[in-house]
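The values are calculated or read from the model by the stated rules, or taken from the named source; none is laboratory data. The structure displayed is predicted, hence computed values, not measured ones. Please note: Cβ atoms are built from the backbone with ideal geometry, for glycine as well, and neighbour counts cover all protein chains shown.
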Amino acid sequence: MPVLLPDERPATEPELPSQIEIPCDVLERDRDAAGCASVLVRLHFRIQDQRGRSVFRMLETDVTGHVSAGEGRP
């Protein structure tokens, strides 16, 4: 799901899929019945998708690095 506006995208098209690191806070953690771990994150710097959302549920393995607030590093 795109979180960058068309004028914020790089001049050349990146290879897809590509990775981008966006600072975020982990708001909560969850594990479904099958044992799949997910986290609810809020993006920093008022970054939003095209619908204006800045809070997303993601696979825990997709969140890396140091988490600045919330429940800590996933």
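Is it true that ALA33 is aliphatic (A, V, I, L, M) and either at pLDDT 90 or above or not in a loop (DSSP other than H, G, I, E, B) (or both)? Explain how you work it out, then say what you get.
On the way: aliphatic (A, V, I, L, M): yes; either at pLDDT 90 or above or not in a loop (DSSP other than H, G, I, E, B) (or both): yes.
Yes; evaluated as a whole, the condition is true for this residue.
Within segment 44-57, is even one residue of a type in the set (Ser, Thr, Tyr) and either assigned to a strand (DSSP E or B) or touching a helix residue (DSSP H, G or I) at 6+ places or on another chain (Cβ under 7 Å) (or both)? Reasoning before the result, please.
At the first step, the residues of segment 44-57 found to be of a type in the set (Ser, Thr, Tyr) are 54.
Next, from what is left, pick out any that are either assigned to a strand (DSSP E or B) or touching a helix residue (DSSP H, G or I) at 6+ places or on another chain (Cβ under 7 Å) (or both): none.
Among the residues of segment 44-57, not one is of a type in the set (Ser, Thr, Tyr) and either assigned to a strand (DSSP E or B) or touching a helix residue (DSSP H, G or I) at 6+ places or on another chain (Cβ under 7 Å) (or both), which makes the answer no.
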